[in-house]
Amino acid sequence: MLTTITKPALLRQLFDLGTTYSSQILPFNKMLGNLTDAGNTVTLSHYLNLLDQSKLLGGLQKFSGSEQHSRASSPKLQVYNNALFSATINKSFEDAKNAPDIWGRFVESCVGTHLINNASICNYKLSYWREGNDEVDFVISRGDEICGIEVKSGSRSSNKGMVIFKEKYPNSKIYVVSNQDFANSACIKLEEFLNISPEVLF
């Protein structure tokens, strides 16, 4: 509340950009290309941290097992309230649900909202994992305990990222949030997932 905002237009634009790209990985350099007000990556990182402290918009770091590599990664933007993302879609609920790409983003952002709001309550760190084209949507970790969480709202049933993540972190637990069943994965329906404390996943 006492922080001086020297570039309020940049802060506002960053917030608008973050709500539009919720649950998507967006490098700081790409953010700068989408913003009209002058700024730099240090300023953007600082403002994103302020928005995170205000419980408006978080920037999830890449899970790598190394704090240094995590801090150097591109952030995955995540709203604390999914209504902020819904407001940017400009479609009715039915139209959004019938558009696979939009609905997929909506569901992933919804899961991310649940996870980010419970991070401090359940004392875990929320991040994402990615190597090349292989990705796991969310990772929650607490000490040596690691859980990978993949969100699936469509019919695509395979994800090599989950397999590679499990090979790299063999002691981790893998969950799929979906209303479908997936082989070799603990599957949790979306409605059930949103009504549990993520702490039980450990």
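The values are calculated or read from the model by the stated rules, or taken from the named source; none is laboratory data. The structure displayed is predicted, hence computed values, not measured ones. Methodologically, a virtual Cβ is constructed for each residue, glycine included, from the backbone with ideal geometry; neighbour enumeration extends over all protein chains shown.
A few comments on the model shown:
- Matching entry among 109, 74, 92 (being free of Cβ contacts under 8 Å to residues at least 24 places away in the same chain and either under 18 Å from residue 198 (Cβ atoms) or not hydrophobic (A, V, I, L, M, F, W, C) (or both)): 92
- Here residue 1 clears all of (1) part of a loop (DSSP other than H, G, I, E, B); (2) in contact (Cβ under 8 Å) with a residue 40 or more places away in the chain except the condition numbered (2).
- Summed over segment 37-51, the residues that are surrounded by fewer than 19 Cβ atoms within 10 Å (Cβ to Cβ) and either assigned to a helix (DSSP H, G or I) or touching a residue at least 24 places away in the same chain (Cβ under 8 Å) (or both) give a count of 9.
- Residue check: residue 9 meets all listed conditions (1) in contact with a Lys or Arg (Cβ under 8 Å, 6 or more places away or on another chain); (2) modelled with pLDDT under 90 but one, namely (1).
- Single residue of 163, 200, 139 found to be closer than 27 Å to residue 65 by Cα and either in contact (Cβ under 8 Å) with a residue 40 or more places away in the chain or touching a Pro at 6+ places or on another chain (Cβ under 6 Å) (or both): 139
- Filtered residues of segment 120-174 (kept if surrounded by 17 or more Cβ atoms within 10 Å (Cβ to Cβ) and basic (Lys, Arg)): 130, 152, 166
- A single member of 18, 33 is at pLDDT 90 or above and assigned to a helix (DSSP H, G or I), and it is 18.
- Screening residue 79 against (1) at pLDDT below 90; (2) within 14 Å of the chain's Cα centre (by Cα) leaves a single unmet condition, (1).
Condition check ((1) within 10 Å of the chain's Cα centre (by Cα); (2) not aliphatic (A, V, I, L, M)) across all residues:
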{"site": "107", "(1), (2)": "no, no"}
{"site": "112", "(1), (2)": "yes, yes"}
{"site": "128", "(1), (2)": "yes, yes"}
{"site": "132", "(1), (2)": "no, yes"}
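- For the criterion of being surrounded by 19 or more Cβ atoms within 10 Å (Cβ to Cβ) and either of a type outside the set (D, E, K, R) or part of a loop (DSSP other than H, G, I, E, B) (or both), residue 109 passes.
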